[in-house]
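For reference, the structure is listed below as structure tokens.
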Amino acid sequence: MGLTDADQRRAQQIIDRYPYPKSAVLPLLHLAQDRDGWVSPEAMEQIAELLGLTPALVLGTCSFYTMFKREPAGALVVSVCTNLSCMVNGGFDLFDQLRSRYQESSDVSVEEVECIAHCDHAPAFQVNYDFHGPADAHGAADVIEQYLDGRLAARTISGTARQEVPR
Amino acid sequence: MTTNAVPMSQWPSEHRYTIPVAPGPETVTVTIDGRAAQIPRGELLIKAAQDHGTYIPRFCWHERLKPVGMCRMCLVEIEGMRGLQISCATPVADGMVVHTTSDAVTTAQDGILEFLLINHPLDCPVCDRGGECPLQDQTLAFGPGESRFVEEKRHFEKPVPISDLVMLDRERCIQCGRCTRFADEVAGDPLIDFGGRGGSTEVITYLDEPFHSSFSGNTVQICPVGALTARPYRFRARPWDLASTETSCGACAVACRGSLESTSNRLVRLLGVDSEPVNQGWLCDKGRYGLDWVHSDARLRQPMVRRAGELVESSWPDALDAAAAAIRNTLDTHGPNGIAVLGGSRGVNEDAYLWARLAKGVLGTDHVDAQLGDGLPADVVLGMPRATIPDLDRAKAIVLLAPDLKEELPVLYLRVRRAAHDLGVPLVDVAVRDHGLTPYATAVLRHAPGDPGAAAGVVADALVGRPGRTKVGKAIVDATDGRDGPVVVILGRTSVAEHPDAIVHAASRLTGLPQVRFLSALANPNVHGALDLGLTPGFLPGRVSLDAGRDHFTKAWGAVPDAVGRDAAGILRAAATGEIAALVLVGCDPLAECPDRNLARAALEQADTVIAVSAFMDTAAFGATVVLPPTVWGEQSATTTNLEGRVVRLGRRVTPDGSTLESWRIPAELAARLGSDFDLETVDEVQDEIARVAPAFAGVDASLLRRARDGVVLPLADHADEVTFGRAGAGPGPSWEPILPVPEVVGDDDRSPSTSASDSPSAAVPAPTPPVPLHRWDAPPDAPSVPPLDAYALRLVAGHALYGADAIVAATPALASLTHEPTLGLNARDRDRLGVHDGDRVRITTARGSVDLAVRTDAQTPPGTAWIVANAAGPGAPDLIDLTSPVTELRVETIS
């Protein structure tokens, strides 16, 4: 749990990009989340130490963002939109059915989100922040299965490895 | 894990908050609600309006915190600017026309308050803040009559403890961020922060990690609602039942100003008063919550006399007669040199003076010492060029030759931190181990225990522009280059396990610096008053040596001792050999306070007579011949002297239970029984006598002390222009706003300034020249010889913890739980070398004695040294230290 030695070296490179280390809180939280699938207390403590912050400040930042999971989540996060356009197109049905289908799954976490700006494809959903839709529960499950068996390549749980983008 | 990250505490403050606050000397004209005012350029509008009599409502803004603009309550209309502006983040500009009560503003205020009240529970009848609550007050004054909100309010478990002293009620919180900003900006302990977002924002600590800050009580004081409450005060009083008196805190030598509040003759609360030169509104938790000891059941309420081997309660006349008889008896058998007076560093100026007068003027003994081997030579403290706390803010550099200020003098730590971190004053940290201020240091020099001289030499050279070959030398030169101002050296006992000669020698190497001034870091509440008033061998009251003041005091008192007496170590040794037969212990317990407990024990066991002036039945009083219980802090009006030499008033708030005597009357009564009537009836008369007799106190009489808002720094001749009368700015605000100090009202004193609350009139104070030249410290001692490091032994470092085994902590339930068992702090390397683990009990042996303690890995302690808290209860550092040896070497063996 937490950052490995390699991650710590990576973390140091990230920190070096900024004039003040505190600026690296978000990328390091992504790094930790990509490692464990969630941001563990161990990771927050490591990040605090790396940045010279108190863990309270790291938790304060981390808890501001719902895309940081502070409980273990599946490797695939399925975000189903239930905002206006998706709602009238069956977003709640989609959400309920996917949730019950993957209730027992340790690989897939289904969550409800507000508008993800994919209204023209309502009811829309994301798998690790890649857009899909419109779909009913069968169609959505089919997409998720493709990710699970590798036919579709998923991004990381943090949406992507954006920190790898060159400066 | 290694990291080269700069700790956040060291980031330049401009990278942490972006709103500039830097009022300059130049003024601009601003019209506020139709009245034009001249205001320093750069001043924030909300402060400018307040200073000119217009109160703009606010929740998040606090004068001593950086503006953040979170609550939006301080919206005002500024002509020419689009929309409403928050006055807490708007600096004034020339020609600005501001309306604070226009329709647009009141509508906005209505809206903000309605919004804030959406989630705020209406549990005011059971809320500690009820009755002094800004949200209540401002809703009444500025808010809408009713709310349109009919939905469910948000709910949390309430209240939750976030530390041993503070409870958090998240439902009441209005997210102003005063507490989180205080913890980060002022205390440097950002252990609380906002978590969550939007409607679920809440103040959090990290998981189960408590808000362990020595300053947590300040967040309760400045919370504008009842979200943070103090566990020692919860439900103990309603604000409208409180009576308050301004006083100074009695927990350490900073003497922070506070407002002491009581109900039903019980002290329940101490609030920080914003004394600009001293505490700027803040208090440490020990001072703030160290109140219950005054009412402790363990307090002695009757004098006690030993009859047939048993201490029995007695009347005051009988007890004083018994004490006087014992003293007279000793005088007859041993002469004046058979009597010694120890202690007085926890009392007040008046009793210190009268004990000195009794000992030196009546009994004729110079064996008098307020410090018990835990301080610095009086020669140095009384004679060094003294700095004041405000000097820190304008210093060229601050040099630390002191113990951990965060533990020993917490509010001085806040002031040094502010100077170094917020005002950019270079801080040079010379110490054995890391401590609370190390993260803010510009240059860090580490030395072996007992050997700070070389490090001090590097600092001395660097501060005159000679960096030498060291990196720290260059760092100091770079940081101080082009800076003006005094060099302030904070001088204290870095460790009581080494002889003070070492630190005195280090200090002597800095005395040659231009504009060098010293700020004493001795911690006992009135140790400076006691030294100033002659409770130390070789000196008479008022910072004059025995020889220099002989004529003056012979005239004033009739007699003074012939020769310089022994210091505490000498007194205890002489008592142990029977040379000194009678010990008078003035509010001190040598067994707890003297770093060499074996010596203290031998002395107390051997002494024929022990007269203990003690509020508690401590170990010294337990074996005493006579025990005289004095009134204590909060029960008597008096004065105290802080570490700057600032004399400040102590207020009386409650009447003592039982039969105790005002502490200054005890020496006076004894003197009368020994044939010298001091003829003093009131505490004012004592203060006037001090002003008349003690050279350093010349001019500092009762009348001046009553009128001086922030006290008087000694000697008055050098600090007359710093004395302020009257009151700055508007009247005293509610408890959550900075409370300003108020001089006592003086009725018919013709020297009192006009009563108008104008801008701190700094009237000319008559400052008589001291009748005797004050002592100067000008003989740098030779370097003491330090034994070479012994590779097989560890060198002991012993310092005081904030929550130690003193009476304030031990007899205050809220604080007693914060003390720690003493442990042996070891560097991980030494721990591994010794083959021990955390929690293992080991036997520690020195030339003096041995104790068993548990091992604790301590990263602050460098290899080759060992750290033990000196003031913990039970066996510990005092059993290991020899007052006469330069350092304390110890060996560690495992015990099965």
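Numbers for the structure displayed
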quantity	calculated
Residue satisfying condition, being open to solvent by less than 20 Å² (accessible area, probe 1.4 Å) and hydroxyl-bearing (Ser, Thr, Tyr), within set A:THR54, A:THR82	A:THR82
Which numbered condition B:THR180 misses (of (1) within 21 Å of A:LEU59 (Cα to Cα); (2) at pLDDT below 95; (3) among the polar types (S, T, N, Q); (4) surrounded by 15 or more Cβ atoms within 10 Å (Cβ to Cβ))	(2)
Residue list for the stretch B:260-313, filter: assigned to a loop (DSSP other than H, G, I, E, B) and surrounded by fewer than 20 Cβ atoms within 10 Å (Cβ to Cβ)	B:SER264, B:ASN265, B:GLU276, B:SER296, B:ASP297, B:ALA298, B:ARG301, B:GLN302, B:ALA308, B:GLY309
Within the stretch B:41-55, tally of residues that are outside any helix (DSSP H, G or I) and small (Gly, Ala, Ser)	2
Of all residues making up the stretch B:210-261, the number that are more than 26 Å from B:TRP61 (Cα to Cα) and charged (D, E, K, R)	2
Entirely in the stretch A:55-147, the helices (runs of 4 or more DSSP H) that have 1 or more residues that are more than 19 Å from the chain's Cα centre (by Cα), within 14 Å of chain B (Cβ to nearest Cβ) and free of Cβ contacts under 8 Å to residues at least 12 places away in the same chain	A:55-64
Check on A:ALA122, within 17 Å of A:MET87 (Cβ to Cβ), open to solvent by less than 70 Å² (accessible area, probe 1.4 Å) and in the same structural domain as A:ARG99 (by TED's automatic domain parsing)	yes
Meets criteria (open to solvent by less than 30 Å² (accessible area, probe 1.4 Å), touching a Pro at 6+ places or on another chain (Cβ under 9 Å) and assigned to a helix (DSSP H, G or I)) for B:PHE518	no
Qualifying residue in the stretch B:187-198 (condition: facing another protein chain (nearest Cβ under 9 Å), among the hydrophobic types (A, V, I, L, M, F, W, C) and surrounded by fewer than 24 Cβ atoms within 10 Å (Cβ to Cβ))	yes
Lone unmet requirement of (1) assigned by TED's automatic domain parsing to the domain that holds B:ALA672; (2) over 30 Å from B:ASP274 (Cα atoms) for B:VAL380	(1)
First in the stretch B:826-844 and more than 13 Å from B:SER896 (Cα to Cα), second anywhere and of a type in the set (A, V, I, L, M, F, W, C) and assigned to a loop (DSSP other than H, G, I, E, B), Cβ under 7 Å, 6 or more apart	B:ILE844/B:LEU880
Residues of the stretch B:556-598 satisfying the condition of being part of a loop (DSSP other than H, G, I, E, B) and aliphatic (A, V, I, L, M)	B:ALA559, B:VAL560, B:ALA563, B:VAL564, B:ILE580, B:ALA581
Where B:SER259 falls short, out of the listed (1) among the polar types (S, T, N, Q); (2) within 10 Å of chain A (Cβ to nearest Cβ); (3) in contact with a strand residue (DSSP E or B) (Cβ under 8 Å, 6 or more places away or on another chain)	(2)
Condition met for B:ARG543 (at pLDDT below 95 and basic (Lys, Arg))	no
Selection count where residues are under 12 Å from A:ILE47 (Cα atoms) and open to solvent by 70 Å² or more (accessible area, probe 1.4 Å), scope the stretch A:5-23	1
Search result, residues across the stretch A:86-118 that are farther than 30 Å from A:GLY2 by Cβ and open to solvent by less than 40 Å² (accessible area, probe 1.4 Å)	A:CYS86, A:GLY90, A:GLY91, A:LEU94, A:PHE95, A:LEU98, A:ILE116, A:HIS118
Selection within the stretch B:324-346 - in contact (Cβ under 8 Å) with a residue 40 or more places away in the chain, out of contact with any Lys or Arg (no Cβ under 8 Å at 6 or more places or on another chain) and assigned to a helix (DSSP H, G or I)	B:ALA326, B:ILE327, B:ARG328, B:ASN329, B:THR330, B:THR333, B:HIS334, B:PRO336, B:ASN337, B:GLY338
Count of the stretch B:848-865 residues which are in a strand (DSSP E or B) and closer than 16 Å to B:HIS435 by Cβ	1
Unmet requirement for B:GLU146, which otherwise passes all of (1) in contact (Cβ under 8 Å) with a residue 40 or more places away in the chain; (2) assigned to a loop (DSSP other than H, G, I, E, B); (3) out of contact with any strand residue (DSSP E or B) (no Cβ under 8 Å at 6 or more places or on another chain); (4) open to solvent by 50 Å² or more (accessible area, probe 1.4 Å)	(1)
Test result for B:ASP478, free of Cβ contacts under 8 Å to residues at least 60 places away in the same chain, part of a helix (DSSP H, G or I), more than 13 Å from B:ALA402 (Cα to Cα) and open to solvent by 30 Å² or more (accessible area, probe 1.4 Å)	yes
Residue list for the stretch B:679-717, filter: surrounded by fewer than 24 Cβ atoms within 10 Å (Cβ to Cβ) and on the phi > 0 side of the Ramachandran plot	B:ASP679, B:GLY699
Selection count, the stretch B:80-92, where residues are open to solvent by less than 40 Å² (accessible area, probe 1.4 Å) and of a type in the set (Gly, Ala, Ser)	2
Matching residues, the stretch B:347-371, being in a loop (DSSP other than H, G, I, E, B) and either buried (at least 24 other Cβ atoms within 10 Å of the Cβ) or polar (S, T, N, Q) (or both)	B:GLY347, B:VAL348, B:THR365, B:ASP366, B:HIS367, B:ALA370, B:GLN371
The stretch B:94-108 - residue that is in a helix (DSSP H, G or I) and in contact with a Leu (Cβ under 7 Å, 6 or more places away or on another chain) and, of those, least open to solvent (accessible area, probe 1.4 Å)	B:VAL105
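One line per residue, one yes/no per condition, for (1) in a helix (DSSP H, G or I); (2) within 8 Å of chain B (Cβ to nearest Cβ):
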| residue | (1), (2) |
| --- | --- |
| A:ALA6 | yes, no |
| A:TRP38 | no, no |
| A:ALA43 | yes, no |
| A:GLU49 | yes, yes |
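The values are calculated or read from the model by the stated rules, or taken from the named source; none is laboratory data. Everything numeric here is computed off the predicted structure, so don't read it as measured data. Quick reminder, even Gly has a Cβ in these numbers, built from the backbone with ideal geometry, and neighbours come from all protein chains shown. Note: areas computed on protein heavy atoms with side chains; ligands, DNA, RNA excluded. Shrake-Rupley method; radii C 1.70, N 1.55, O 1.52, S 1.80 Å.
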